[in-house]
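Below: the structure, in structure tokens.
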Amino acid sequence: VRGLPERARRLAWGAAVAGDAFDLDLAAAAAGLDEPAALDAVDRLLAAQVAVPGKVARRYRFRHPLVRRAVYDGAGEAWRLQAHARAAEALAASQPGALAARAHHVERSARIGDEAAAAVLEQAGHQAAARAPAVAARWFEAALRLLGPPTGSDPARRLGLLAPLAGALAATGRLERALETLVAALELVDLPDLRVRLIAACAACENLLGRHGAAHARLLAALDALDDREAGAVASLHAELAADALYDSDFDAMREWAARALDTAQRIDDRGLEVLAGALLCFAEYNRGDAPAAEAARERTAELLDALPDEQLVMRLDAPYYFGFAEYFCEHYDDAIRHLRRGIALSRAVGQGQFVVPMMVGLAHALETRGRLAEAAETADAAVEAARLAGNRQVVGWALVADAWTAAALGDTERARAAGEEALALLDGLDDSVLTRATHAHLGIVWIDLGERERGLDSFRAVGLPDFPLIEPGRRAWLYAILALADLARGHRAAAEAWVARSEETAAGLGLPLTEAWVLLARAGLALAAGDADRSADLALQATERAESVHAPLVAARCRTLAGQALAAAGRREDGVRELTRAESDLAVLGAARVRDEAARALRRLGERVPGRQRRGGGEGLDALSGREREIAALVAEGRTNREIGAEIFLSEKTVEGHLTRVFAKLGVTSRAEVAEAVGRARAATP
């Protein structure tokens, strides 16, 4: 480059400022060259092989990104400052709508106090917020920098940047920075409604960061500062306090706050707030063990949520998050899947990612219960990856529990143990909450299911074994049933009987069929151990029916396995073989390898031949791809780069590259264009 004539050298510098693939007119503007000089200079660059022609007229690119980097660095800081300013001016004149491109140059050239430059960056931030919140955060931060120190800038102008910056930071999982930004914004706000929204956002960040005490104190202080005339603001705080009470497992307080928020939302006709309050009320009633009230709230909220347009729901994306989990615990799994998926899709569409990972965790658990194990495992894996990208320890641990749970269901014991151990390690330093308790409770079940009883008991002790005072009745009955089955496996019938009695007493009146299935399964196991095979078979078949009534095939197959064993022990070998064969077949289809092996061993003990595990076929074309791989292939077909894909679906660029490598291998292609062709063919073949 130093050997080129001056005009060619300046054009090379201008092109490096314009971008790796550069437009001749923009490069010339950045270099300060007129048309004749630029045309002469580009010939020199092409002859020297510094640049090569693109596929479009007057478009070129550097022969390698490293060449562009070297040319850019060689231009010198002072020259680059002026060149970026010239490029920004040229874009403003020729492409006023190209805000992202202008922002790139403005960020690198504007002086502090340049209000017009700050406005360009702000507009670019708003434009990028929905699809690329990380980019939006960069532009908002750059605009704030141009305003100068807080003491010397217009508070209203500064607030107009701090609020969307906090949203963009939270959307990408940078909750610490989002919280700092929200606190700075609060110092500039007097309006009650806006102040409440910012306080609620602060509390949401603190709860997701595991600082539940700080969130609770912040919300109460804000409520004390309001009067009853500010109904909308008060109702929003009541809803946030209901959510906050959930983290503390204070279910009575949760119900009270949610009911007050719901009453006000109905009175002021705020449908979004009404859905959120209804979701929290349903959750609260479930946690209190009031099945009729929980079901009434669930039905009403589901109807409201389904009728709420997307443009209103995006203002309350915590509603599908809380409601999806409420539906999961109330054992309406398909509804939970549907609402969580809607919440995830909307969150991604508008770039609000703070609830995406929690909703993915709920989705993974609901999919696992419905027997869609491969899909559940993929969802849990994606949740872990997205949580790691955000760097939030509490959310990473929460996602790892889902990963351990689905891995155990699939029979991947090594992965289940590794994920569970890491999740427990991440609890250190977090406030005690419903999430930390759920981590211990669910991992206790995983350890016991993997045959590690003492380790499971340690996890249960962390949540108050034997009374489990802060665990809601539905899960408490389930934990007792698991403990009964664990003691039965060791031959401790008296201890198992005590756990079964606790389980039956706790589950009574809850109206939760899957919970009842676990209780019946434990009682059936106890009857078989006592020698009453007929009663055991009857109870196990009842348990199977309960699980099937809520479409929980994995648990149903486990209950059917015990029913088959009990029938055979009762002298009804043919009936026992039939039930065991059905259970083994169902578990094989589900991919539950470890539990399927238990049914197969029971069949072999009865002298039946059972085929070995069959490797599941992957299909052809797009059918060979996982759900995540199909999603990435579709985005590649739209012309998205790996960075753009990662920003949209909340994965790191490196992870996208890894998925794309597997897409290439499964499709037998070597280029992104061929991936696009495969997607196009599949779409054309779909009726």
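The values are calculated or read from the model by the stated rules, or taken from the named source; none is laboratory data. Everything quoted here is computed from the prediction, not taken from an experiment. All Cβ positions, even for glycine, are placed from backbone atoms using ideal geometry, and neighbour counts span all protein chains on display. When the accessible area is computed, the model is the full protein with side chains, heavy atoms only, and any ligands, DNA or RNA have been set aside. Shrake-Rupley method; radii C 1.70, N 1.55, O 1.52, S 1.80 Å.
Find how many whole Å separate the alpha carbon centroid of segment 501-523 from the alpha carbon centroid of segment 359-381.
Computed from Cα coordinates, the inter-centre distance equals 24 Å.
Between the helical axis of 6-18 and the dominant principal axis of the chain, each derived from Cα atoms, what acute angle in degrees is found, rounded to the nearest 10?
Between the helix axis and the principal axis of the chain, the angle is about 30 degrees.
Leaving out ligands, DNA and RNA, what percent of the accessible area of segment 308-443 is carbon and sulfur, probe 1.4 Å?
Details: 2130 of 4170 Å².
Summing carbon and sulfur atoms, their accessible area is 51 percent of the total for segment 308-443.
Counting alpha carbon pairs within less than 8 Å and at least 6 residues apart, what relative contact order, in whole percent, applies to segment 51-116? Provide the component values of the computation, followed by the final result.
Details: 39 pairs, mean separation 14.6, N = 66.
Computed value for segment 51-116: 22 percent relative contact order.
With a 1.4 Å probe and all protein chains left in place, how much of the accessible area of segment 207-283 comes from carbon and sulfur atoms, in whole percent?
On the way: 1280 of 2890 Å².
The computed percentage sits at 44.
Suppose accessible area is computed on protein heavy atoms with a 1.4 Å probe; arrange Thr151, Thr413 from highest to lowest. Don't skip to the end; give the middle numbers.
Numbers: Thr151 140, Thr413 45 Å².
Largest to smallest exposure gives the sequence Thr151, Thr413.
Work through the residues other than Leu186 whose Cβ is under 14 Å from its Cβ and net out their charges, Lys, Arg +1 and Asp, Glu -1. Show your work: numbers first, answer last.
Working: positive: Arg158, Arg195, Arg197, Arg218; negative: Glu180, Glu187, Asp190, Asp193, Glu206.
Around Leu186, the surrounding residues sum to -1.
For the chain, what is the Kirkwood hydrodynamic radius in Å, using each pair of distinct C-alpha atoms? Kindly include the intermediate steps, with their values, before the conclusion.
Values: mean 1/r = 0.0354 Å⁻¹.
Averaging 1/r across every pair of different Cα atoms and inverting gives 28.3 Å.
Please compute the per residue accessible area over the chain with all protein chains in place, 1.4 Å probe, rounded to a whole number of Å².
Numbers: 29410 Å² over 687 residues.
Value for the chain: 43 Å² per residue.
Summarise the accessible area of segment 1-119 (1.4 Å probe, protein heavy atoms) by the percent that is carbon and sulfur. Write down the numbers at each step before the final one.
Values: 3320 of 6290 Å².
Ligands and nucleic acids excluded, carbon and sulfur reach 53 percent.
Shape verdict for segment 10-63, please, from the Cα gyration tensor: rounded (a/c under 1.5), prolate (a/b greater than b/c) or oblate.
Numbers: a/c = 1.39, a/b = 1.22, b/c = 1.14.
Rounded shape, in that the Cα axes give a/c under 1.5.
What net charge do the residues around Arg9 carry, taking every other residue with its C-beta under 15 Å from that of Arg9, with Lys and Arg at +1 and Asp and Glu at -1?
Details: positive: Arg2, Arg7, Arg10, Arg44, Arg68, Arg80; negative: Glu6, Asp40, Asp43, Asp73.
Local charge sum for Arg9: +2.
Can you send over the solvent-accessible area of Phe283, 1.4 Å probe, protein chains only, in Å² to the nearest 10?
10 Å²
Could you state, as a whole-number percent, how many of the C-alpha pairs of segment 18-161 are farther apart than 22 Å? Please list the in-between numbers first.
Numbers: 4708 of 10296 pairs.
When all Cα pairs of segment 18-161 are counted, 46 percent exceed 22 Å.
Near Ala530, within a Cβ-to-Cβ distance under 11 Å, what is the net charge of the other residues, with Lys and Arg +1 and Asp and Glu -1?
Details: positive: Arg493, Arg523, Arg535; negative: Glu497, Asp532.
So the surrounding residues net to +1.
Below 8 Å, C-alpha to C-alpha, sequence gap of six or more: please give me the relative contact order for the chain in percent. Before the final figure, lay out the partial values.
Values: 1114 pairs, mean separation 49.9, N = 687.
7 percent.
Order the following by accessible area, largest value first: Met254, Met315. Probe radius 1.4 Å; ligands, DNA and RNA are ignored.
On the way: Met254 0, Met315 150 Å².
Of Met254, Met315, the descending order of accessible area is Met315, Met254.
Taking the Kirkwood radius as the inverse of the mean 1/r across Cα pairs, report the Rg/Rh of segment 576-681.
In segment 576-681, Rg relative to Rh is 1.22.
Would you work out if segment 262-320 is rounded, prolate or oblate? Take a ≥ b ≥ c from the square roots of the eigenvalues of the alpha-carbon gyration tensor; rounded if a/c is under 1.5, else prolate when a/b is larger than b/c, oblate otherwise. Before the final figure, lay out the partial values.
Details: a/c = 2.11, a/b = 1.77, b/c = 1.20.
Cα axes put segment 262-320 in the prolate bin.
Give me the accessible area of Val589, 1.4 Å probe, in Å² rounded to the nearest 10.
My reading of the accessible area for Val589 is about 110 Å².
If one takes the longest principal axis of the Cα atoms in the chain, at what angle in degrees, from 0 to 90 and to the nearest 10, does the Cα axis of helix 513-529 lie?
Here the helix axis deviates by roughly 40 degrees.
Working out 0.36 nm times the residue gap between Ala418 and Ser585, then minus their Cα-Cα distance, what length gain in nm do you get to one decimal? It would help to have the intermediate numbers written out before the result.
On the way: separation 167, 0.36 × 167 = 60.12 nm, distance 2.90 nm.
Answer, rounded to one decimal: 57.2 nm.
For Cys205, what accessible area in Å² do you get when you roll a 1.4 Å probe over the heavy atoms of the protein chains, rounding to the nearest 10?
In the full protein context, Cys205 sits at about 10 Å².
Give me the angle, in degrees from 0 to 90, between the Cα long axis of helix 175-186 and the longest principal axis of the Cα atoms of the chain, rounded to the nearest 10.
70 degrees
Rounded, prolate or oblate: pick one for segment 228-289, where a ≥ b ≥ c are the square roots of the eigenvalues of its C-alpha gyration tensor, a/c under 1.5 means rounded, and failing that, prolate if a/b is larger than b/c, else oblate. Walk me through the numbers before you get to the answer.
Numbers: a/c = 2.45, a/b = 1.72, b/c = 1.43.
Prolate, since a/c reaches 1.5 and a/b exceeds b/c.
On a 1.4 Å probe surface of the protein chains, which of Arg138, Arg298, Arg476 comes out largest in accessible area, and what is the full order? Spell out each step's value before the answer.
Numbers: Arg138 95, Arg298 20, Arg476 55 Å².
Ranked list, largest accessible area first: Arg138, Arg476, Arg298.
At a Förster radius of 56 Å, what calculated FRET efficiency corresponds to the Cβ-Cβ distance of Arg605 and Glu6, to the nearest 0.05?
E between Arg605 and Glu6, to the nearest 0.05, is 0.05.
At 0.36 nm per residue, minus the direct Cα-Cα distance, what do Leu81 and Val56 gain on full extension? Give it in nm, one decimal, please.
Numbers: separation 25, 0.36 × 25 = 9.00 nm, distance 2.84 nm.
In short, 6.2 nm is gained.
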